[in-house]
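Structure first, commentary second.
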Amino acid sequence: MFKKLLDKYNSLPVQIKASFWFLTCSFMQKGISTITVPIFTRLLTTAEFGQISVYNSWQGIISIIVSLHLTAGVYMRGLVAYEEKRKEFISSMQGLCFTLILIWFGVYLIFKDFWNGLFNLTTPLMLIMFANIWLSSVFAFWASEQKVDYKYERLVALTLLMAVLNPVLSIYLVLSCEDKVTARIVGGVIVELILFGWLFIYHLNRGKKFFSKEYWKYAICFNLPLLPHYLSAIVLNSSDRIMIANMIDNKSAGIYSLSYSISMVLSLFSNSLLSTVEPWLYKKIKANDFKLVPKISYASFSLMAGINIILIAFAPEILSFFAPKEYYEAVWIIPPVTMSVYFIFAYTFFAVFEFYFKKTGYIATATMVGAVLNIILNYIFIKQYGYFAAGYTTLICYIIYAVAHYIFMRKVCKDFLDGARVYSLKILLLITAIFMTIGFAFLATYIDISARYSLIGVLLVITLICHKVIIGSVKNLINIKRNKDG
């Protein structure tokens, strides 16, 4: 039996093997990270947990500015565009990224008191952040090359090694040090330095081109116009934790961050599903064939809604596993943030049309509107209702984000696809309305466990009645992967 499975695995094309292992690696990496959350919530106070969350949020934003996000689309495109001179291109990208980080590091040192006050971070944490940004970029450059060449063995091994060693060393340092916040962050950076630092030297030695006017100009000119989009996306994802810490306190930021982390675990499922559906959608757009697109899309929306409902239904139990009672207030934030995951997932089904026809202006506009609105709403409602409001402002902004992409998709269809009406707005609204109604119904039952489990029982009966439809929808999604013709 085992030999047959091994033979079947060995007969698979390298692309399929690579996709499988990249996906498995992603699940395991996120899984290990998630499993260690209950440990750190018990080793750290809510305020300390909040400080780490704020640090991570600032790092995400600062990284975009400092590194120009060179590891994003411009790099993958360059690996293809300069395939014959790939080694030199990668080497020069490492050089450019290192130079940019070094320049910004100098700017920080000159005005460090100003920056420390602005970010509400200590000098040691800021120094660690620059090292963290550099090492993460070094690894990202290398990892992208491995994916392009389907060299999954080394990437999986190094990623999983990082996923295991990071929490192990961090737990040891947190237990050993008085400054637990710095200890937690330093643990990850030390592991990154050991595992990733040599990759920088490896690429420079292999490509032997630290500076290239052609490659540097290409990367800077390509990415500078996209910075508003990249920044807006990270602000939309991170600004709430920073604003909660500044407007209330780190303890509140820690509680909110835990609820956000639990909810975002579902992004594993959404990303997995999108890795199958998204390439298929591009193919259908290219062929101007939308016969099966609504059926597959509605099934995807319904499946993702169902998975979200499961997390919302059992949020109190999940939260008690992840953290002690000091964090229990987070349960009231989980439903709206979890619903946000649904809209993050849904927007991709509209945005693929904008990406396919290179309407980056539409993409940037939708992202910036969502980010600016998020900051404004947070400023107004966190002041008035406390940090709970951030969960609902996040939901509102992602709803508007998805709606904006739907509107832009309709415009793209009108301009390039003879006005094709790919989706039925009524069906989309019906699926979404049912999902949100059930989600908020569960929220209302958190104060009464018998009512909550009664509602779970009702939904379970409905699921059993409709099991054939559900199984059929799942099979349709699986068949996309198997059948190239969709």
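Estimated at the nearest 10 Å², the accessible area of Arg410 is 80 Å² with a 1.4 Å probe.
Charged side chains reduced to their Cβ positions (Lys and Arg at +1, Asp and Glu at -1) give segment 290-399 a dipole of some 440 debye around its Cα centre. Translational diffusion of segment 221-298, estimated by Stokes-Einstein from the Kirkwood radius over alpha carbon pairs at 37 °C in a medium of 0.692 mPa s, is 206 µm² per second. Note on the chain: dipole from Cβ charges, positive end direction compared against Ala330, Ile318, Tyr356; the farthest Cα belongs to Tyr356. Taking every alpha-carbon pair under 8 Å whose residues sit at least 6 apart, the chain reaches a relative contact order of 20 percent. Sorting Lys208, Lys283 by solvent-accessible area of protein heavy atoms yields Lys208, Lys283, largest first, with a 1.4 Å probe.
Projecting the Cα atoms of Ser340, Ile171, Ile449 onto the charge dipole of the chain (Cβ charges, centred on the Cα centre) puts Ser340 farthest toward the positive pole. Normalising the average separation of contacting C-alpha pairs (under 8 angstrom, six or more residues apart) by the number of residues puts the relative contact order of segment 157-268 at 14 percent.
A simple spin-label model places the labels of Leu175 and Ser26 3.4 nm from each other, with each point 7 Å out along Cα-to-Cβ. Accessible surface calculations at 1.4 Å, restricted to protein heavy atoms, place the chain at 48 Å² per residue.
The length gained by stretching the chain between Glu84 and Lys151 to full extension, at 0.36 nm per residue less their Cα-Cα distance, is 22.3 nm.
The simple Förster model, with R0 at 41 Å and r as the Cβ-Cβ distance, assigns Ser450 and Asp418 a FRET efficiency of 0.15. In this structure, Leu160 and Ser267 have a Cβ-Cβ separation that, at R0 = 22 Å, corresponds to a calculated FRET efficiency of about 0.70.
For segment 341-466, the average shadow cast by the Cα convex hull is 9.8 nm², which is a quarter of the hull's surface.
Calculated mean residue ellipticity, 222 nm, the chain: -29000 deg cm²/dmol, from DSSP H runs (n ≥ 4) at -39500 (n - 2.57) each, averaged per residue and rounded to 500.
When the solvent-accessible area of the chain is split by element, carbon and sulfur atoms take up 68 percent of it, the probe being 1.4 Å. Using a cutoff of 8 angstrom between alpha carbon atoms and counting only pairs six or more residues apart, the relative contact order for segment 240-365 works out to 36 percent. Placing +1 on each Lys and Arg Cβ and -1 on each Asp and Glu Cβ, with no other charges, gives the chain a dipole about its Cα centre of roughly 1660 debye. Here the simple spin-label model places points 7 Å from the Cα toward Cβ, and for Thr463 and Thr437 these points are separated by 1.9 nm. A Cβ-based charge dipole, computed about the Cα centre of segment 72-161 with Lys and Arg at +1 and Asp and Glu at -1, lands at about 40 debye.
The values are calculated or read from the model by the stated rules, or taken from the named source; none is laboratory data. All of these numbers come straight from a predicted model, not from anything done at the bench. Note that we place each Cβ from the backbone using ideal geometry, even for glycine, and neighbour counts take in every protein chain shown. SASA here: full protein model, heavy atoms, side chains in, ligands and nucleic acids out. Shrake-Rupley method; radii C 1.70, N 1.55, O 1.52, S 1.80 Å.
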